[in-house]
1. Kindly check whether there is at least one residue in the range 206-214 that is of a type in the set (Val, Ile, Thr) and buried (at least 21 other Cβ atoms within 10 Å of the Cβ).
2. Give the range 118-163 a look and list any residue that's of a type in the set (Gly, Ala, Ser) and either in contact with a strand residue (DSSP E or B) (Cβ under 9 Å, 6 or more places away or on another chain) or touching a residue at least 60 places away in the same chain (Cβ under 8 Å) (or both), or say none.
3. Based on what the data block shows, is ALA188 surrounded by fewer than 20 Cβ atoms within 10 Å (Cβ to Cβ) and at pLDDT 95 or above?
4. Select the strands (runs of 3 or more DSSP E) contained entirely in the range 161-236, then report the ones holding at least 3 residues which are within 13 Å of the ligand (Cβ to nearest atom) and of a type in the set (D, E, K, R).
5. For ARG31, all conditions in the list (1) under 23 Å from ASN175 (Cα atoms); (2) of a type in the set (Lys, Arg); (3) in contact (Cβ under 8 Å) with a residue 40 or more places away in the chain hold save one; what is the number of the exception?
6. Identify, please: which residue in the range 120-159 is among the polar types (S, T, N, Q) and outside any strand (DSSP E or B) and is, among those, nearest to ALA201 (Cα to Cα)?
7. Go through the range 82-121 and give me each residue that's more than 16 Å from the ligand (Cβ to nearest atom) and under 23 Å from GLU47 (Cβ atoms).
8. Filter the range 35-57 down to residues that are out of contact with any helix residue (DSSP H, G or I) (no Cβ under 7 Å at 6 or more places or on another chain) and in contact (Cβ under 8 Å) with a residue 40 or more places away in the chain and give me whichever is farthest from the ligand (Cβ to nearest atom).
Amino acid sequence: MAHTPDMALLADRVAAVRFHMAQAAAQAGRRPDEIKLCAACKSRSSEEVRLSAGLEIDLFGENRMQELAAHMADGAYLGKPCHFIGHLQTNKVRRVVGQAAIIESVSSIRLLSAIAAEARKQGIVQDILFEINIGEEDSKMGASAEALWPMMDDAASLPSVRLRGLMAIPPAFDNSPESRRWFAMMRALFEKARARHPGSAHLDTLSMGMTGSYIAAIEEGATLIRVGTGIYGERS
Ligand SMILES: *Cc1c(COP(=O)(O)O)cnc(C)c1O
């Protein structure tokens, strides 16, 4: 039987996330409006996405282009932006460029070039983040911190892409000191990237922190958190 989303439960969960976001911001001496809430809606139905879109969510995050296309076709985002946060294959960029407000998971010069070529073809400028594999884990996507500098130079030479910042999925998924250490490393890398390209006012996004770790991420400088189970419940 199809799972029926519970509006009251969704509303309670989003309110709880917002409450903890505000608390973490205050703790860090930051304004709450500096941090955006991305609802990571992989595997959720269009009905669930549409219900959540009416709540205090800033944008959606999709991992699969098929789900992005389906949710978009169903009008499930209610006009809110959607970011692409999953692994993107070079031969699949055509259906994501121009649909996602930001492609957060750009992790190679090859993918960057493919996105830039497609954006040029569509006559648009595609916003992107570079995904950094900060823990240097074999199991994860993302570029190494050192690879960031040549990728930034390439992005700067491509007029059809605009680098907005960095994204990471660190090795720890909680609010522990270890988790904070990874987030602090990302924050330092982000600041270094901004200092390296002075005048790049559009480098404004540091996407890090998930359901179990967003409090630590906000306290360490995240401007965008991606929350899935904390909004929609466990994935079946
Ligand atoms: C699923 C997912 C999230 C959200 O994870 P939760 O632990 O469910 O909050 C965040 N970022 C990415 C890239 C994801 O794939």
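The values are calculated or read from the model by the stated rules, or taken from the named source; none is laboratory data. Everything quoted here is computed from the prediction, not taken from an experiment. Using ideal geometry, Cβ is built from the backbone for each residue, glycine included, and neighbour counts are taken over all protein chains shown.
1. The answer is no; no qualifying residue exists.
2. ALA119, GLY135, GLY142, ALA143, SER144, ALA145, ALA147, ALA155, ALA156, SER160
3. When the stated conditions are applied, ALA188 passes them.
4. Ranges flagged: none.
5. With respect to (1) under 23 Å from ASN175 (Cα atoms); (2) of a type in the set (Lys, Arg); (3) in contact (Cβ under 8 Å) with a residue 40 or more places away in the chain, ARG31 is out only on (3).
6. Here the residue is SER157.
7. Within the range 82-121, ARG95, GLN99 qualify.
8. GLU47
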